[in-house]
Amino acid sequence: MEYALPRSLNDLAESFNIVETRGYATYDPSKTYTIYLEYCPRGSLADLVKRYQKIRTLRDENGTPISGRIPVRVMWSIFEALASTVCLMYQGHFPGDGETSRNDFSAFVHRDIKPENIFLANPDSNFWPQVPVAKMGDFGLAVLADDVEKQGTNGWKAPEMIEYDAPFEDSEDEFLEDLPDYNQLYPPHVLCDVWSLGRVMLALMNLEDPVDVPELRFDEDDVAPGPFNDPPDKTSGKHDQSYYAGVKEYYPDEMRRLVERCLQMNPEDRVDPDTLWNEVHSHVAACKGLRGRPLREMQRDCLGRELLLMEHVETRDLVKGQWAT
């Protein structure tokens, strides 16, 4: 599965945002195997978060604080890449391109979408200039869509992928005792990848530590889930529901609303892959930059001062006011 499923994506014409699986070898004496993959020289999204975390407390040569947030343009490029990947895994083609899909394609679920498994290749000259291409990798937990079981990494897996204790069986309230537990209400679902995609985008906005991401609480009355500090300590200024301080002011409403639609607790309430791809794609293709060009075609020099940390950057260079390219 770890070879065959991503290879089935690589055979699709639209698989631009999938790490290419180039071959494999088996070693009978040790009963091991090796999979040969495309090399992505810019690291992973986890590395990207660490780069921005590193410079958040620094100032430039004029004493001005350096904006330690991933630029909006970069975030849209990642959002588009992840939406494209989930759409291809779900049906083997993008919306409106059904006639180009393969008849033998089998839908599958990744089950382990997280920053460490999303890699960064060199930029493409035609789309998202100067922004490394985000590519989905590590399909070790991938399974066919009709064979989904609870798996994934804590903090990144959807609510229905978590094995819960029956929460109401010891309740003194007879009404609560009669409710079915969450496991019965919401079995593993193919839309778990949509939730994980949204969780990755939320973590990138917040610049959360990829290896210590907080678990989320789930409340049907909320638009989006919030971290486990129930209720959030709003006096500290750290959280505003799921968002850390300053996030709502920096990232556009359209982006945040789409992320929140991915993070709905109940699978049937989430945005489906087709709709997600259409909305992300229409925004990045139609949103005009300063010179009237689509956002996904804008060069960095058209966007003013934009800090791109796409590979290792020495902090002393940033202190001197040298902005990364």
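In the range 55-67, the residues that are touching a residue at least 60 places away in the same chain (Cβ under 8 Å) and under 14 Å from G246 (Cβ atoms) form Cβ pairs under 7 Å with partners that are of a type in the set (G, A, S) and part of a loop (DSSP other than H, G, I, E, B), at six or more places apart or across chains, as follows: R56/G68. Under the condition of being within 20 Å of P132 (Cβ to Cβ) and surrounded by 12 or more Cβ atoms within 10 Å (Cβ to Cβ), the residues counted in the range 23-41 number 3. A search for C-beta distances below 7 Å between a residue of the range 113-134 that is touching a residue at least 40 places away in the same chain (Cβ under 8 Å) and any residue that is crowded, with 17+ Cβ neighbours inside 10 Å and among the acidic types (D, E), counting only pairs 6+ apart in sequence or on different chains, returns I113/D193; N117/D138. The requirement of being part of a strand (DSSP E or B) and under 27 Å from L5 (Cα atoms) is satisfied by A25. Please work out which residue is nearest to Q91 (Cα to Cα), limiting yourself to the range 261-278 and to residues that are among the charged types (D, E, K, R) and more than 17 Å from the chain's Cα centre (by Cα). Filtering first and then ranking leaves E268.
Here G43 passes the criteria (1) under 21 Å from the mean Cα position of the chain (by Cα); (2) closer than 26 Å to A285 by Cβ; (3) among the small types (G, A, S) except the one numbered (2). For the residues E249, E215, the requirement of being closer than 26 Å to N117 by Cβ and at pLDDT 60 or above singles out E215. Among the residues of the range 112-128, the ones that are in a loop (DSSP other than H, G, I, E, B), in contact with a helix residue (DSSP H, G or I) (Cβ under 7 Å, 6 or more places away or on another chain) and either within 17 Å of Y39 (Cα to Cα) or at pLDDT 95 or above (or both) come to 2 in all.
The values are calculated or read from the model by the stated rules, or taken from the named source; none is laboratory data. This structure is a prediction, so every number in the text was calculated from the model and none was measured. Note: ideal-geometry Cβ built from the backbone for every residue, glycine included; neighbour counts use all protein chains shown.
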